[in-house]
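Visitor: What follows is a structure written as structure tokens; I'll ask about it next.
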Amino acid sequence: MIFSPQTLTGQSREHIVQFQEPRFALHPLAAKAFFEMQEEARSAGIELAVFSGFRDFDTQVRIWRLKAAGERPLYNTQGQPIPYASLSPEALIHAILRWSALPGASRHHWGSEIDLIDQRAMPPGYRVELLPHEYAQGGIFGHLNTWIEQNAARFGFFQPYKEDLGGVAPEPWHLSLKELSIPALKALTPGLLQETLQKAELPLSETLLPMVDLLYSRYVINICPPATP
Ligand SMILES: [Zn+2]
């Protein structure tokens, strides 16, 4: 699989297939692995669904703008809100990146990543939050979490944010198809990221651009590797 600078940074959809009902978009290889896994999960009483698959650059820019402007809540590691006004520009950038990726550096740009939920576990009208307590033992997706840990690897997936490595906060719901994401991560260089961010003229750019190398080491490559390569 060869990613172009455009597909790597979510600025093209040429590597993506769009599905309707339920609506999500993924790289065809990730979709195939997901459907196989979904089939098998049914026999364990789980109805796997893609809560979030491919996400494009503009969507990630919108999230960045809202959080940089204090129009969306920011959370600390424990999931408690952080007062926006108390943050320096640098601290604000770290607070955003703990829970949201830099535009151009979201693994969801690659079409290889899935945020997974279990539709069967959800009572009617349940609003998914994607928070750690939902995936903890006894949480609404606790059974799903155990199933993922025991089975997802057989379908080529791993959990890059399984543990807290001081970068992105733990995201047990986030699965990655290693066949796609390992080469994608190698191809996404700090230089490409720098160039992409420069063009985007984001809020906080003045503070952000000199930090790109540091942010790349702390939030982009700092992941839990697959158990088997
Ligand atoms: Zn995710």
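Visitor: Using 0.36 nm times the number of residues separating Asp213 and Asn76, minus their current alpha carbon distance, what extension gain do you get?
Guide: In short, 47.0 nm is gained.
Visitor: State, as an integer percentage, the relative contact order of the range 5-218 based on alpha-carbon contacts under 8 Å between residues 6 or more apart. Before the final figure, lay out the partial values.
Guide: Working: 304 pairs, mean separation 50.9, N = 214.
Worked out over the range 5-218, it gives 24 percent.
Visitor: Hey, another quick one. Using unit Cβ charges (K, R positive; D, E negative) and no other charged atoms, how large, in debye to the nearest 20, is the dipole of the chain about its Cα centre?
Guide: 100
Visitor: Obtain the nm distance between the two label points defined at Ser86 and Ala136 by a simple spin-label model: each point lies 7 Å from its Cα along the Cα-to-C-beta direction.
Guide: Label at Ser86, label at Ala136, 2.1 nm between them.
Visitor: I've got another one for you. Under a Cβ-Cβ cut-off of 12 Å, what is the net charge of the residues other than Val128 that fall near it, where Lys and Arg count +1 and Asp and Glu count -1?
Guide: Result for the neighbourhood of Val128: -3.
Visitor: Still on this structure, I have one more. Can you work out the accessible area per residue across the chain, with the rest of the protein chains kept in place, probe 1.4 Å, in square angstrom? Please report the intermediate quantities before stating the final value.
Guide: Working: 11140 Å² over 229 residues.
Roughly 49 Å² per residue, with all protein chains present.
Visitor: Do the sum for the chain: with -39,500 (n - 2.57) for every DSSP H run of n ≥ 4, divided by all residues, what is the mean residue ellipticity at 222 nm, to the nearest 500 deg cm²/dmol?
Guide: Roughly -10000 deg cm²/dmol at 222 nm, from the helical runs in the chain.
Visitor: Between the range 45-107 and the range 128-188, how far is it from one alpha carbon centroid to the other, in angstrom?
Guide: Cα centroid of the range 45-107 versus Cα centroid of the range 128-188: 17 Å apart.
Visitor: Going toward the positive end of the dipole of the range 5-218, with +1 on Lys and Arg Cβ and -1 on Asp and Glu Cβ, which of Ala30, Pro183, Trp64 do you reach last?
Guide: After comparing all options, I get Trp64.
Visitor: Quick one: net charge around Leu175, please, counting Lys, Arg +1 and Asp, Glu -1 for every other residue with C-beta under 9 Å from its C-beta.
Guide: Summing Lys and Arg as +1 and Asp and Glu as -1 gives -2.
Visitor: Identify, among Ser88, Thr77, Val17, the residue whose Cα sits farthest towards the positive end of the charge dipole of the range 8-90, taking +1 on the Cβ of Lys and Arg and -1 on the Cβ of Asp and Glu, with the dipole about the Cα centre.
Guide: Of the candidates, Ser88 comes out farthest on the positive side.
Visitor: What percent do you get for the relative contact order of the range 85-149 when only Cα pairs under 8 Å and 6+ apart count?
Guide: 19
The values are calculated or read from the model by the stated rules, or taken from the named source; none is laboratory data. Everything numeric in this text was worked out from a predicted model, so none of it was measured. All Cβ positions, even for glycine, are placed from backbone atoms using ideal geometry, and neighbour counts span all protein chains on display. Protein only, heavy atoms only, side chains kept; ligands, DNA and RNA dropped before computing areas. Shrake-Rupley method; radii C 1.70, N 1.55, O 1.52, S 1.80 Å.
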